[in-house]
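Inspection log for the structure reproduced underneath, given as structure tokens.
The values are calculated or read from the model by the stated rules, or taken from the named source; none is laboratory data. All of these numbers come straight from a predicted model, not from anything done at the bench. Cβ coordinates were reconstructed from backbone atoms using ideal geometry, including for glycine residues, and neighbour counts include every protein chain displayed.
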Amino acid sequence: MLAETIPRYEFPATSLHELALLSDSNQMLVPSLASTPEVAVAVTEYCNGLCAPLPRRVLDHQNYTAANVSNPNMMISTLEAKTLSWIARDRKAKRILEIGCFSGFSALVWAECVPSSGGEVISLEIDKEMIAMANKAIREQDMQDMITVIPGPAAETLQTLEGEFDLIFLDADKAGYITYFETILARKLLAPNGVILADNTLYSGLVCIRNEHNPARHETTSVAVSDYLIAFNKHVAEDSRVDQIILPLFDGLSMIRLIS
């Protein structure tokens, strides 16, 4: 298949159509809907319009975040929020751990998915400004009994958590992904039928293509961060305790589960 026949970062294809033809089974290997930015926007808006809406109060906080932080792109998109919400509801998650809270938007999304009685969302965050913003939104939406934001380095906090989580969302510093993953498994924080969702695991495609076909190759910081994700993806793939699927959605979404 593709990974076995094409050297890393050196795709010979010059178009999505040509790249698709490289498959032994002659099936599309890459998402082709977003062939132009205009198509990407139209498809996203179409999907958003036909998916169940997020509550107005949650969207209000998303809009507030976008207007009041310098890096709103660190927040998950509306469609990704709906996707994650669908997964959590489908799995009937009661206890969710989020590593990387940012402004609290995703924590509010998770809180809508767990049972109102007995449901719990724990979110880890190191940035004091973001913690303050998240806690303000949680108080305003009267979610204090359901959402707990724990300040401090996630690697340290993970060592103190007890019990199992049905869903764990990784969306913090990418350099820490392997450490978080290993701690989660070592401390048995993931329920036997639980799932780890890791965000940004394709990182603008820099994990697999850095030639002239990827304009993100010029972003030195992004290239450096993608090295951590290359290591993480490989680390998980080679771990016999789990299996994963990496979906070419958003900026890459990995779903990881325990094999046993």
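Take the residues in region 113-133 that are closer than 24 Å to GLN159 by Cα and either among the acidic types (Asp, Glu) or touching a helix residue (DSSP H, G or I) at 6+ places or on another chain (Cβ under 6 Å) (or both), then tell me which one is surrounded by the most Cβ atoms within 10 Å (Cβ to Cβ).
Here the residue is VAL121.
What's the number of the condition THR201 fails, among (1) part of a helix (DSSP H, G or I); (2) out of contact with any Phe, Trp or Tyr (no Cβ under 6 Å at 6 or more places or on another chain); (3) in contact (Cβ under 8 Å) with a residue 40 or more places away in the chain; (4) of a type outside the set (A, V, I, L, M)?
(1)
Taking the conditions exactly as written (closer than 19 Å to MET75 by Cβ and among the aliphatic types (A, V, I, L, M)), does LEU170 satisfy them or not?
Values: closer than 19 Å to MET75 by Cβ: yes; among the aliphatic types (A, V, I, L, M): yes.
Here the answer is yes, as LEU170 does meet what is asked.
Against the definition (at pLDDT 95 or above, touching a helix residue (DSSP H, G or I) at 6+ places or on another chain (Cβ under 6 Å) and either over 16 Å from ILE76 (Cα atoms) or crowded, with 22+ Cβ neighbours inside 10 Å (or both)), how does ILE178 come out, yes or no?
Numbers: at pLDDT 95 or above: yes; touching a helix residue (DSSP H, G or I) at 6+ places or on another chain (Cβ under 6 Å): yes; either over 16 Å from ILE76 (Cα atoms) or crowded, with 22+ Cβ neighbours inside 10 Å (or both): yes.
For ILE178, the condition - at pLDDT 95 or above, touching a helix residue (DSSP H, G or I) at 6+ places or on another chain (Cβ under 6 Å) and either over 16 Å from ILE76 (Cα atoms) or crowded, with 22+ Cβ neighbours inside 10 Å (or both) - is met.
Just to be sure, is SER106 crowded, with 22+ Cβ neighbours inside 10 Å and either part of a helix (DSSP H, G or I) or among the small types (Gly, Ala, Ser) (or both)? Break it down into steps so the answer makes sense when it comes.
Numbers: crowded, with 22+ Cβ neighbours inside 10 Å: yes; either part of a helix (DSSP H, G or I) or among the small types (Gly, Ala, Ser) (or both): yes.
Yes.
Quick one: count up the residues across region 83-112 that are touching a residue at least 60 places away in the same chain (Cβ under 8 Å) and farther than 22 Å from ALA154 by Cβ. Before you say what the answer is, go through the steps one by one.
Step one: filter region 83-112 for residues touching a residue at least 60 places away in the same chain (Cβ under 8 Å), giving 83-84, 87-88, 91-100, 102, 106.
With the extra rule that they be farther than 22 Å from ALA154 by Cβ, the set shrinks to 83, 91-92.
So the count comes out to 3.
Got a number for residues in region 160-198 being assigned to a strand (DSSP E or B), polar (S, T, N, Q) and over 14 Å from ALA88 (Cα atoms)? First the steps, then the outcome.
Just the residues of region 160-198 that are assigned to a strand (DSSP E or B), to begin with: 165-170, 190-198.
Then keep just the ones that are polar (S, T, N, Q); that gives 193.
Still in the running and over 14 Å from ALA88 (Cα atoms): none.
Residues meeting the conditions: 0.
Quick test for you: out of ILE131, ILE122, pick the one residue that is without any contact (Cβ under 8 Å) to a residue 60 or more places away in the chain, under 21 Å from the mean Cα position of the chain (by Cα) and assigned to a helix (DSSP H, G or I).
ILE131
Is it true that some residue in region 208-221 is in contact with a Pro (Cβ under 7 Å, 6 or more places away or on another chain), among the aliphatic types (A, V, I, L, M) and at negative phi?
First pass over region 208-221, keeping only residues in contact with a Pro (Cβ under 7 Å, 6 or more places away or on another chain): none.
For region 208-221, residues in contact with a Pro (Cβ under 7 Å, 6 or more places away or on another chain), among the aliphatic types (A, V, I, L, M) and at negative phi: absent.
Residues of region 227-252 being free of Cβ contacts under 8 Å to residues at least 40 places away in the same chain and either over 18 Å from LEU190 (Cα atoms) or outside any loop (DSSP other than H, G, I, E, B) (or both), which ones?
Correct list: ASP227, ILE230, ASN233, LYS234, ALA237, GLU238, ASP243, GLN244, ILE245, LEU247.
So which residues in region 60-74 are part of a helix (DSSP H, G or I), at pLDDT below 95 and in contact with a Ser or Thr (Cβ under 8 Å, 6 or more places away or on another chain), if there are any at all?
PRO72 - this is the single residue of region 60-74 that is part of a helix (DSSP H, G or I), at pLDDT below 95 and in contact with a Ser or Thr (Cβ under 8 Å, 6 or more places away or on another chain).
Have a look at GLU45, GLU80 and point out the one that is of a type in the set (D, E, K, R) and free of Cβ contacts under 8 Å to residues at least 24 places away in the same chain. Reasoning before the result, please.
Numbers: GLU80 fails: free of Cβ contacts under 8 Å to residues at least 24 places away in the same chain.
GLU45 is the lone residue from the list that is of a type in the set (D, E, K, R) and free of Cβ contacts under 8 Å to residues at least 24 places away in the same chain.
Residues of region 109-119 being farther than 23 Å from LYS174 by Cα and either in a helix (DSSP H, G or I) or in contact with a Ser or Thr (Cβ under 9 Å, 6 or more places away or on another chain) (or both), which ones? Break it down into steps so the answer makes sense when it comes.
Taking region 109-119 first, the residues farther than 23 Å from LYS174 by Cα are 111-119.
The answer is ALA111, GLU112, CYS113.
Mind checking which residues of region 46-59 are under 20 Å from the mean Cα position of the chain (by Cα) and part of a helix (DSSP H, G or I)?
First pass over region 46-59, keeping only residues under 20 Å from the mean Cα position of the chain (by Cα): 47-48, 51-54, 58-59.
Hits for region 46-59 are CYS47, ASN48, VAL58, LEU59.
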